[in-house]
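Derivation of every value follows stated rules applied to the coordinates shown; laboratory data play no part. Keep in mind it's a predicted model, so treat the numbers as computed, not measured. Using ideal geometry, Cβ is built from the backbone for each residue, glycine included, and neighbour counts are taken over all protein chains shown.
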Amino acid sequence: MAERRFRRPGPTPRARVALAGNPNVGKSSLCNQLTGGHQHVANWPGKTVERHVGVCHLGGVDVEVVDLPGTYSLAGTSPEELVAAEALTDPDLDAVVVVLDSTNLERNLYLATQVAELGRPMVVVLNLTDAAARDGFLLDDRALATALGAPVVRTVARTGVGLDDLRSVLAGLVGTGLGIRGEVPA
């Protein structure tokens, strides 16, 4: 599997978190915000076919953040789907951040439910919430958290809005190693 690494400071990470989601939902922007990386972010399908890896420090723990290729399903046969499915079933993976486009939840929820069925600790990120608000979408974080069994965090990855909330939820997850399924940040 192709892998490109960036910003690898300090000791070997003690936790690994994957960013999963459909193409063009902001996974690479979110990864850059979390790790200080500088991946090129573009808006075309298949931009990330390999996985990119960076490191961030959360709650006293160095965390490897893996930006997976965008995929609509874990059951497909395209290179992107195979890379994502392999990474999400890796026994060394500690948690998954599922990034959803808030303006198109219906299309994004299929992958989110597949990831939830894997039974790994998971955080759901409602990204592009600025566009959703502008377009008049009403988002029910609590209903989504209940349906997926995972905490939900709103972000605008491009600008960093909501990143402190995401860091806090992830720090709690990797700091305890116990998972936080079903909890919703206040």
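List of remarks:
- Distance (nanometres) between label positions extended 7 Å along Cα→Cβ at Thr159 and Thr146: 3.1
- Straightening the chain between His57 and Leu118 buys 19.4 nm, computed as 0.36 nm per residue apart minus the Cα-Cα spacing.
- Relative packing of 111-121, 147-157, which averages over residues the other C-beta atoms within 10 Å, highest first: 147-157, 111-121
- Projecting the Cα positions of Val97, Asn127, Ala15 onto the charge dipole of the stretch 15-175 (unit charges on Cβ atoms of Lys, Arg, Asp and Glu, taken about the Cα centre) puts Asn127 furthest along the positive direction.
- Net lengthening on full extension, Leu105/Asp90 (0.36 nm per residue, minus Cα-Cα): 2.8 nm
- Taking 0.36 nm per residue of separation and subtracting the Cα-Cα distance, full extension of the segment from Asp130 to Ser168 would add 11.6 nm.
- Less than 5 angstrom separates the built amide H of Val97 from those of Ala18, Leu19, Ala20, Val123, all sequence-distant by 5 or more or on a different chain.
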